[in-house]
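Novice: Please read through the structure below; I'll follow up with questions.
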Amino acid sequence: MSNRISTVNIRRSCVAIFALLIVFAAAGPTIAETQTVSLFPTATTIGKTAEFVLVYNVEGASVLTTGLGLRVHFNSNAAEAIALENIFDVDMVAFDHTPTPDTKDYDNNPATDQFLNVAWMNIDGLWPAGQSLPLDLATVAIKLKAGGDALILNVSASSAAAGYKFEGTGY
């Protein structure tokens, strides 16, 4: 009889351990890896031009990813012209020279109404190989409208690397 009770207790313990493993596996990792992009002002001529650098970083175990798709949002009432310059071009796969209307409000800010796209991809998961982080991705050069609104800039991801979340910091 004691052998039978021991067998039942062992089975119950195994079922309980298996159930816990399933719960922990379904929950996934508790620390998410994050791709971050921040805008930092580098030069401004009051009322005429402004420049910002897009700075990329990764928080997590691996700094190498499959890439990043990025939107740079702005309000057209403040900018007469906008361009991405000095773009990090290793594994760059897309780049818009012409702003796109932000009809879907990708950055969740109705004040920004247009954006520029740029994207990098490395199918082997080695982007940005050989680069130290943080990495300057591009310079955002803006010709300000005379008498225009205050400039608002945001960043959003059109695609983050698999297994990563994205966090953008605007200006």
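Novice: Applying the selection to the range 101-133, what residues are in a strand (DSSP E or B) and either among the aromatic types (Phe, Trp, Tyr) or farther than 13 Å from SER158 by Cα (or both)?
Specialist: Matches in the range 101-133: PRO101, GLN114, PHE115, TRP120, TRP127.
Novice: Out of the range 72-86, which residues are small (Gly, Ala, Ser), assigned to a strand (DSSP E or B) and either touching a residue at least 60 places away in the same chain (Cβ under 8 Å) or touching a Leu at 6+ places or on another chain (Cβ under 7 Å) (or both)?
Specialist: Narrowing the range 72-86 to residues small (Gly, Ala, Ser): 76, 78-79, 81, 83.
From what is left, the residues that are assigned to a strand (DSSP E or B) are 79, 81, 83.
Residues satisfying the conditions are ALA79, ALA81.
Novice: What residue, among those in the range 45-60 that are in contact with a Ser or Thr (Cβ under 8 Å, 6 or more places away or on another chain), more than 14 Å from GLY168 (Cα to Cα) and not hydrophobic (A, V, I, L, M, F, W, C), is modelled with the lowest pLDDT?
Specialist: That would be GLY60.
Novice: Would you mind stating whether ILE82 is among the hydrophobic types (A, V, I, L, M, F, W, C) and modelled with pLDDT of 95 or more? Break it down into steps so the answer makes sense when it comes.
Specialist: On the way: among the hydrophobic types (A, V, I, L, M, F, W, C): yes; modelled with pLDDT of 95 or more: yes.
Yes.
Novice: Select, from VAL53, VAL37, VAL93, the only residue that is of a type in the set (Val, Ile, Thr), closer than 20 Å to TYR164 by Cα and in contact (Cβ under 8 Å) with a residue 40 or more places away in the chain.
Specialist: On the way: VAL53 fails: closer than 20 Å to TYR164 by Cα; VAL93 fails: in contact (Cβ under 8 Å) with a residue 40 or more places away in the chain.
Going through VAL53, VAL37, VAL93 in turn, the sole match is VAL37.
Novice: Looking at the range 129-150, I want the residues that are within 30 Å of LEU64 (Cα to Cα) and have a partner that is loosely packed, with under 12 Cβ neighbours inside 10 Å with Cβ atoms under 7 Å, at least 6 apart or on another chain. Which pairs are those?
Specialist: ALA138/GLU85; THR139/GLU85; ALA141/GLU85
The values are calculated or read from the model by the stated rules, or taken from the named source; none is laboratory data. Please read all numbers here as calculations on a predicted model, not as lab measurements. Quick reminder, even Gly has a Cβ in these numbers, built from the backbone with ideal geometry, and neighbours come from all protein chains shown.
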